[in-house]
Amino acid sequence: MKKTCFIIMMCCLALGCMAQPFEKDEFKTESGKTLKITCIKHATIMMEYDGKVIYFDPVINVKPYTDFTAFPKANFIFVTHEHQDHFDSMALTELKRKYTTIYVNHNVYENWGSGYVMKNGDKAQVDDNITVEAVPAYNTTPAHMKFHPKGRDNGYILTIENLRIYVAGDTEDIPEMENIKDIDIAFLPCNQPYTMTVEQLVKAAKTIRPKVLFPYHYSDTPIRKVSMLLGGSGIDVRIRKYQ
């Protein structure tokens, strides 16, 4: 009995993150199909729809370690920019198959050596019932502009049937958000000096007005303050524990 317990414990340790619960949210499309969203860690998100698996910014070695061998392989991967907490060649290698399409900005393409390059304003037909638009993501605070200069990085608006999903990437509350309309689900980042303050995130949310808001990329930010400040706004704020 002791030996069996020891083996189970060692297996759990070996699996690492998979021993932890990953929070999932489900949304129905207009055709009645289910979109499942799994919050993994930091800026890493997995989406499942109609037998297809989609990842945003999958990384392995940003703590805690993620064992992607325990996750389904990808049909599509979106990488916002080349920083190590968003672009990880090991994770891409682990998750891709022969037919996986990886959407990247120019700098990720230069580092990775392949991928479908998108710049701000580009649109693409990803699959039947799935389209994507690359939108700006950058810093506006003068001392922080070196981290994410204007025109280099992408946020993505993914449209799956009738659902419009905005994954903002590393950005502050930029003027271009005024043009982001009819968003059902938004992922907005919140950690200075790289992305937004809580107050900036709240301003961005009130500008975009998504039906559902997932603050993400928040590290040690007191993120529940976002829910308090958006109380009564009609926005469904969902705080998820990113592993």
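Numbers at a glance
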quantity: Projected area, mean over directions - the chain, Cα convex hull, nm²; calculated: 14.5 nm²
quantity: Two-decimal Rg to Rh for region 103-243 - Kirkwood Rh, Cα set; calculated: 0.96
quantity: Taking all pairs of distinct alpha-carbon atoms in region 114-187, Kirkwood radius in angstrom; calculated: 12.9 Å
quantity: Interatomic Cα distance distribution for region 30-111, bins of 10 angstrom, percent; calculated: 18, 54, 24, 4
quantity: Apportionment of accessible area to carbon and sulfur, the chain, percent (1.4 Å); calculated: 54 percent
quantity: Per residue, in Å², the accessible surface of the chain once ligands and nucleic acids are set aside, probe 1.4 Å; calculated: 47 Å²
quantity: Farthest toward positive dipole pole in region 34-164 [+1 Lys/Arg, -1 Asp/Glu at C-beta], among Y116, L95, P64; calculated: P64
quantity: Relative intensity, log₁₀ I(q)/I(0), of region 92-149 from a Debye sum that treats every alpha carbon as a point, q = 0.12, 0.17 Å⁻¹; calculated: -0.39, -0.71
quantity: 18 Å Cα-Cα reach of K41 towards lysines, excluding residues that sit fewer than 8 places from it in its own chain; calculated: K24, K63, K73, K241
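The values are calculated or read from the model by the stated rules, or taken from the named source; none is laboratory data. Computed from a predicted model, the values in this text were never measured in an experiment. We place every Cβ from the backbone using ideal geometry, glycine too, and count neighbours over all the protein chains shown. When the accessible area is computed, the model is the full protein with side chains, heavy atoms only, and any ligands, DNA or RNA have been set aside. Shrake-Rupley method; radii C 1.70, N 1.55, O 1.52, S 1.80 Å.
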